[in-house]
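Read-outs: derived from the displayed coordinates by stated rules, not from any lab. Keep in mind that this is a model prediction, so the values were computed, not measured. Don't worry about glycine lacking a Cβ; one is built from the backbone with ideal geometry, like all the others, and counts go over all protein chains shown.
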Ligand SMILES: [Zn+2]
């Protein structure tokens, strides 16, 4: 079940238990609210009903509901439930598994959109049909079940589908691929879970076929589905962001299992360039609405940021794979940033409404969304209960249910903590308890509850944003730098270590090449990005016109309306009103400044108090403006 090669080995979701705190609370909310909510909407939209109709041979085209990829939402919810059960929770998975398995056809084919009388034939539209993409999610759901130690109707359906794919698209089968990558990583994961080598071979075949102009050209170009250039030859992630990142995950999986160091290095290089030039402060990826795509280098507008939630989930999955392969802290750093500022932001405080796009600037406050119906994907003034394209809620649900798996790893020398959350970690004869109020507080205490006699290394990630931290061990306290702080010793039960990360608020500047936010600053506190939201301010204070003075202090205060321990920041600011009207260009002349105050809240909590305007990037006051 483990990757064959790599610097670090993952732990099972039953080996890392989150107990309360930022992520533990969200994991509980996911189980209690989001998973049942998604189950309800799959029924409501008929996307689950499609499987019932398919099983009873009653699926005339006019009776099928939802888009061509709606089957995958049932599979992603099944995966979320499988992780939930594997971590010791409860979820009604058996019912979903039975419904899915009953719809599978002899030979393993399974899709409610194609192949029945009156429907398009099987595999007649691989460019847009998502048949292999849907199998990928079915297989990942089956793998989650296998990793929980269970073989059932769902795992059998997944294995039958994977076998069908290997026959249908193998070396002597259809020499083509799916418009949406996803099957690649799923097949490698199934190979790890079963040991069946042909799943790995098939994944490598799909990877090698992509980039050879195998799919037809489209208006957005073949870059949209990464079929323009082989992945080994790319320089950065391009095209549809979720597709690009899912493909990169599959490439890392294939590279690790086949010892293909060049392929691994190619993806790591693309990650590096993408992080340096095409990533938002929140960790969000994919700036263009057109094609849901990565933009050019430094094309990172705040208001038109697309930043699909699924691209953030995909980015976390990719960073995790690169972390396991290399052991380098920068991958865990980006995963942390993305988890706190996009994945956490995507879901409402009640766990029942979701963003699809995650812009860093909302210009219009919009209206309260009717929670009784689905909404278009890109509406961003409020989170919606469900969307016509609703890939994100189930993607977040499976991520939160399996989040324990992203916290810690082991290698031959010891244990590594990559993300800080209260809970317990066990591996072999070693057991730890982690206690922390992170990210609100920067103190992380680790107690060794059980250990063998032989010495081992405990490695604690010091995030790049921290600059420096203080580590206290039984031998004394010392300053530690970003990367991994390592404590190597013969541990005894009861030993404690404490890491103190500096979570005081700090100013952050953008690279000036990001034209859209040049001359602005943002505020971060620990791993959290902050924003100004209109609901905290007098309606007369237009966020459009606000300026900040970087020399002004940032004052912390609790904000219980948004949750226990939540810290808001207050600072002096001013609003600048330029002369003129009717035409916003020309010689604007002297501007008037009105002093005021600005409140900043954690970005991931915005839009939980009704429609609001919002901005992350804050213009720095113009020293030439006249005070009033
Ligand atoms: Zn999505």
Hey, residue 231 within 26 Å of the chain's Cα centre (by Cα) and farther than 20 Å from residue 278 by Cα or not: no
Criterion violated by residue 266 - all others in (1) in contact with a helix residue (DSSP H, G or I) (Cβ under 9 Å, 6 or more places away or on another chain); (2) in a loop (DSSP other than H, G, I, E, B) satisfied: (2)
Inter-residue pairs, beta-carbon under 7 Å, first without any contact (Cβ under 8 Å) to a residue 24 or more places away in the chain and more than 24 Å from residue 141 (Cβ to Cβ) and in region 371-395, second within 13 Å of the ligand (Cβ to nearest atom) and assigned to a loop (DSSP other than H, G, I, E, B), 6+ apart: 376/388
Residue match in region 391-403 (condition: in a strand (DSSP E or B) and either surrounded by 17 or more Cβ atoms within 10 Å (Cβ to Cβ) or touching a strand residue (DSSP E or B) at 6+ places or on another chain (Cβ under 8 Å) (or both)): no
Residue check, residue 311 buried (at least 24 other Cβ atoms within 10 Å of the Cβ) and within 16 Å of the ligand (Cβ to nearest atom): yes
Exclusive hit being within 17 Å of residue 381 (Cα to Cα) and touching a residue at least 24 places away in the same chain (Cβ under 8 Å), set 353, 268, 311, 325: 353
Residues that are in contact (Cβ under 8 Å) with a residue 24 or more places away in the chain and surrounded by fewer than 24 Cβ atoms within 10 Å (Cβ to Cβ), drawn from region 208-222: 209, 214, 215, 216, 218, 220
When residues of region 283-293 are limited to those that are under 19 Å from residue 339 (Cβ atoms) and touching a strand residue (DSSP E or B) at 6+ places or on another chain (Cβ under 8 Å), the one nearest to the ligand (Cβ to nearest atom): 286
Whichever residue in region 332-347 is out of contact with any strand residue (DSSP E or B) (no Cβ under 7 Å at 6 or more places or on another chain) and free of Cβ contacts under 8 Å to residues at least 60 places away in the same chain and, among such residues, is surrounded by the fewest Cβ atoms within 10 Å (Cβ to Cβ): 334
Failed condition for residue 527, given (1) in contact with a strand residue (DSSP E or B) (Cβ under 9 Å, 6 or more places away or on another chain); (2) under 22 Å from residue 335 (Cβ atoms); (3) surrounded by 13 or more Cβ atoms within 10 Å (Cβ to Cβ): (1)
Condition broken by residue 296, with the remaining ones in (1) more than 15 Å from the ligand (Cβ to nearest atom); (2) in contact (Cβ under 8 Å) with a residue 40 or more places away in the chain satisfied: (2)
Of all residues making up region 338-377, the number that are out of contact with any helix residue (DSSP H, G or I) (no Cβ under 8 Å at 6 or more places or on another chain), outside any loop (DSSP other than H, G, I, E, B) and within 21 Å of residue 302 (Cα to Cα): 2
